[in-house]
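For reference, the structure discussed in these notes is given below.
The values are calculated or read from the model by the stated rules, or taken from the named source; none is laboratory data. This is a predicted model, so every value here is computed, not measured. Cβ placement follows ideal geometry from the backbone for every residue including glycine, while neighbour counts extend to all protein chains displayed. Heads up: the accessible areas ignore ligands, DNA and RNA and are worked out on the full protein's heavy atoms, side chains in. Shrake-Rupley method; radii C 1.70, N 1.55, O 1.52, S 1.80 Å.
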There are 2 protein chains.
Amino acid sequence: MVERALPGHFYAVGVGPGAPDLLTLRAARLVATADVVIAPRSEKSDDSLALQVVRPHLRAPGEGQEVVEHPYPMARDLDRTLQCWGEVADRVARDCGAGRSVVQITIGDPSIYSTSSYLLGLLEGRLAEGRVHVVPGISAFQAAAARFADPLTLQEDRLLLMPATDLAEVEKALAGDCCETLVLYKAGRSVADLRDLLRRRGLADRARAVFYVEQERETAVRNLDALDDAAAEAAGYMATVIVHLGRRNWAG
Amino acid sequence: MVERALPGHFYAVGVGPGAPDLLTLRAARLVATADVVIAPRSEKSDDSLALQVVRPHLRAPGEGQEVVEHPYPMARDLDRTLQCWGEVADRVARDCGAGRSVVQITIGDPSIYSTSSYLLGLLEGRLAEGRVHVVPGISAFQAAAARFADPLTLQEDRLLLMPATDLAEVEKALAGDCCETLVLYKAGRSVADLRDLLRRRGLADRARAVFYVEQERETAVRNLDALDDAAAEAAGYMATVIVHLGRRNWAG
């Protein structure tokens with residue numbers, strides 16, 4: 001149990017996929033008690049989704065809590081990414097050094113494809129031992145699987161989670177004997193090509209997709225084979241695809 | 001947002017790894033409002049861990065909520081497993097048919113190596129369309145990764161999640177080019193052999209373990225190479241091992 005954010009401590013807190021009630025009690029309590037709440041905001045958007053999720057738990061203005069929205073680059077540019085998170089790390093080190101408690105909120109889980117990873121790396125050695133904490137959050141693939149009431153793994157099944165950015169890599173994962181369930185992140189931009197690849201391998205009707213899971217504009221596609229090009233185009237960037245390749249049970 | 005458990009609806013609800021504050025707000029609200037709460041209890045234990053987690057949210061006796069502890073077999077016996085969950089499915093179908101709301105709670109996430117999967121399978125076609133729901137929960141591997149403030153995946157990394165029950169299968173996963181991060185469940189009974197396997201492959205000092213993560217008897221092992229046989233023996237059954245094989249970044 002974590003009762004409150006402690007002075008001089010830093011917390012990377014996962015707030016789940018976007019629904020305000022998929023936050024954990026621990027995350028809510030830390031957000032409510034922190035002196036400083038840092039919310040990442042993509043350079044391309046006007047509002048921080050993570051901040052929307054935790055808004056009911058923030059203290060009212062004037063109650064001694066500072067909320068900082070920090071823009072971060074969406075491009076695959078490591079220099080700019082590290083520069084951006086370097087500025088945040090400086091600020092965290094300064095605030096914690098002055099005895100303040102600092103929470104950084106992040107969509108999903110801070111350990112799974114999260115911007116928190118950069119910040120945690122850059123904070124290494126800058127805060128005293130035991131002062132850096134991570135609070136896990138529901139990741140999009142869990143919410144996507146829940147949407148279909150469809151188990152990801154059972155008994156001896158293996159689950160592989162990877163980004164869908166390189167379809168040649170996805171094809172390798174489908175061809176190799178790596179897993180019974182394949183979960184693809186960042187599948188939105190390439191979902192029509194991904195559907196075609198799965199069709200060629202006879203797997204499209206064993207694949208499901210959820211766009212913007214647990215967010216206002218959520219679309220769930222139970223059978224990827226049925227997704228037409230117009231729908232694929234309209235569905236948007238944030239997508240999780242789940243492909244069921246088989247099952248492995250106790251009998252082997 | 002899910003406001004309350006609805007009459008005639010069934011909810012498989014993940015309650016996280018064991019800490020009472022790693023429950024989501026949605027799970028807490030469903031438990032508080034359900035007419036019937038079904039808690040699985042292993043045949044080998046006196047108490048349901050899932051029930052301990054949700055206890056603060058249960059209604060007081062006399063306030064119209066029925067709590068059912070249902071023992072389930074821990075053995076790898078599919079007939080007994082299906083018989084046990086068949087009884088629960090009958091009960092759920094009967095209660096939902098009578099207009100009651102039913103929540104089944106489960107440790108971790110109902111989609112990831114969960115007893116809920118059997119129940120969901122056996123309920124298929126027995127409740128009206130749209131009356132079966134799954135609420136994701138924090139899975140042990142997420143809590144284990146959080147314990148070390150150590151990202152599981154970043155950029156192009158692949159994560160493979162599998163049980164450690166068959167070490168020949170684990171060795172295949174280590175040898176194949178399947179993933180950058182390997183997460184092993186059910187690693188407790190074989191953790192000394194697993195450490196030796198990882199030593200032979202020069203990976204033991206890149207492996208971490210957590211036993212009973214976010215439970216009272218938690219033990220975290222930052223470097224599996226340092227785990228001696230006595231400690232391995234004492235650490236117990238419920239364990240997650242995380243092995244970092246490498247990283248795959250944007251540059252490829």
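Using the Karplus equation 6.51 cos²θ - 1.76 cosθ + 1.60 (θ = phi - 60°), what ³J(HN,Hα) coupling, rounded to whole Hz, does each residue of region B:159-171 give in order, writing x for Gly and Pro?
Going residue by residue, I get 10, 10, 10, 8, x, 9, 5, 10, 5, 5, 5, 4, 4 Hz, with x marking Gly and Pro.
Sorted from shortest, what are the nm distances separating the label point of B:Asp229 from equivalent points in the other copies, each placed 7 Å from Cα along Cα to C-beta?
Here the equivalent label points are 6.6 nm apart from this one.
Can you give me the C-alpha center-to-center distance between region B:165-208 and region B:18-35, rounded to a whole angstrom?
Measuring centre to centre over Cα atoms gives 34 Å.
Once you average over the residues of B:242-249, how many Cβ atoms of partner chains fall within 10 Å of each Cβ? It would help to have the intermediate numbers written out before the result.
Working: counts 1, 0, 0, 0, 0, 0, 4, 2.
Averaged over the peptide's residues, the number is 1.
Explain nothing, just the number: relative contact order of chain A, from Cα pairs under 8 Å at least 6 residues apart, as a whole percent.
Values: 493 pairs, mean separation 51.8, N = 252.
21 percent.
Enter the buried accessible area of the B/A pair, total of both sides, probe 1.4 Å, in Å² rounded to the nearest 100.
Values: alone 12680 and 12650 Å², together 20270 Å².
Between B and A, the summed buried area is about 5100 Å².
Relative to a virtual label point 7 Å from the Cα of B:Glu66 in the Cα→beta-carbon direction, which members of region B:101-131 show backbone nitrogen distances below 18 Å?
Correct set: B:101-105, B:127.
I want to check the label-to-label distance for A:Glu129 and B:Asp196. Put each point 7 Å from Cα in the C-beta direction and report it in nm to one decimal.
Distance between the two pseudo-spin positions: 3.2 nm.
Using the heavy atoms of the protein chains and a 1.4 angstrom probe, tell me the accessible area per residue for region A:1-157 in square angstrom. Write out the running numbers ahead of the final one.
Values: 5890 Å² over 157 residues.
Dividing the accessible area of region A:1-157 by its residue count gives 38 Å².
Top mean-square fluctuation among A:Pro136, A:Pro20, A:Pro71, Gaussian network model of chain A, C-alpha springs under 10 Å?
The residue with the greatest mean-square fluctuation here is A:Pro71.
In a shell of Cβ-Cβ distance under 9 Å around A:Glu66, excluding A:Glu66 itself, what net charge do Lys and Arg (+1) and Asp and Glu (-1) give? Let's see the in-between values first.
On the way: positive: A:Arg100; negative: A:Asp35, A:Asp95.
Surrounding charge for A:Glu66 is -1.
Let me confirm one metric for peptide A:23-30, namely the mean number of other chain beta-carbon atoms within 10 Å of its residues' beta-carbons. Let's see the in-between values first.
On the way: counts 3, 11, 12, 8, 4, 3, 1, 1.
Averaged over the peptide's residues, the number is 5.
Okay, which of region B:78-109 sit inside 15 Å, backbone N to the point 7 Å along the Cα-Cβ direction of A:Trp250?
B:78-86
Enumerate the lysines that A:Lys172 could reach by cross-link, defined here as Cα to Cα under 22 Å, with residues fewer than 8 away along the same chain left out.
A:Lys172 reaches A:Lys186, B:Lys172.
Label point 7 Å out from B:Glu233 along Cα-to-Cβ: which residues of region B:178-197 have amide N under 13 Å?
Once the point is set 7 Å along Cα→Cβ of B:Glu233, B:192 turn out to lie under 13 Å by backbone N, inside region B:178-197.
One decimal, nm, shortest first: give the distances between the label point of A:Arg4 and those of the same position in the other copies, each label point 7 Å from Cα along Cα→Cβ.
Reported distances to equivalent positions: 3.3 nm.
Net charge near A:Asp229: determine it from the other residues with C-beta under 12 Å of the C-beta of A:Asp229, scoring Lys and Arg +1 and Asp and Glu -1. All intermediate terms of the calculation are to be shown ahead of the outcome.
Numbers: positive: A:Arg195; negative: A:Asp193, A:Asp196, A:Asp228, A:Glu233.
After counting each charged neighbour, the total is -3.
Sort B:Asp90, B:Asp95 from largest to smallest accessible area, using a 1.4 Å probe on the heavy atoms of the protein chains. Can you show the working numbers first?
Details: B:Asp90 70, B:Asp95 15 Å².
Order by accessible area, largest first: B:Asp90, B:Asp95.
Average projected area of the Cα convex hull of chain B, in nm²? Display every interim value, and only then the final one.
Values: hull surface 60.8 nm².
Seen from a random direction, the Cα hull of chain B projects 15.2 nm² on average.
In nm to one decimal, list the spacings between the A:Glu216 label point and its equivalents in the other copies, with label points set 7 Å along Cα to Cβ, shortest first.
Label-point separations across copies, in nm and ascending: 4.6.
Scan around A:Gln104 for amide H atoms under 5 Å from its own, H built in the peptide plane at 1.01 Å from N, and keep only partners 5 or more places away or cross-chain.
A:Tyr11, A:Ala12, A:Val13, A:Ile38
In degrees between 0 and 90, to the nearest 10, how far off the longest principal axis of chain B does helix B:191-200 point, with axes built from Cα atoms?
So the helix axis and the longest Cα principal axis differ by about 30 degrees.
Considering only protein heavy atoms and a probe of 1.4 Å, how much of the accessible area of region B:1-156 is carbon and sulfur, as a whole percent?
Working: 2880 of 5910 Å².
That share works out to 49 percent.
What is the spin-label model distance, in nm, from A:Arg59 to B:Thr219 if the labels are put 7 Å beyond Cα along the C-beta direction?
Here the modelled spin labels are 4.1 nm apart.
Grab the DSSP H runs of the protein assembly as shown that are 4 residues or longer, score each as -39,500 (n - 2.57), total them, divide by all residues and round the 222 nm result to the nearest 500 deg cm²/dmol. All intermediate terms of the calculation are to be shown ahead of the outcome.
Details: 16 runs with 154 residues, N = 504.
Rounded to the nearest 500, the figure is -9000 deg cm²/dmol.
In square angstrom, rounded to the nearest 10, how much accessible surface does A:Lys172 have for a 1.4 Å probe?
110 Å²
Hey, what angle do you get for helix B:78-97 against the long axis of chain B, alpha-carbon based, 0 to 90 degrees rounded to 10?
Around 40 degrees separate the two axes.
Per residue of B:131-138, what is the mean number of Cβ atoms on other protein chains within 10 angstrom of that residue's Cβ?
On the way: counts 0, 1, 3, 9, 6, 15, 5, 11.
Across B:131-138, the average partner-chain Cβ count within 10 Å equals 6.
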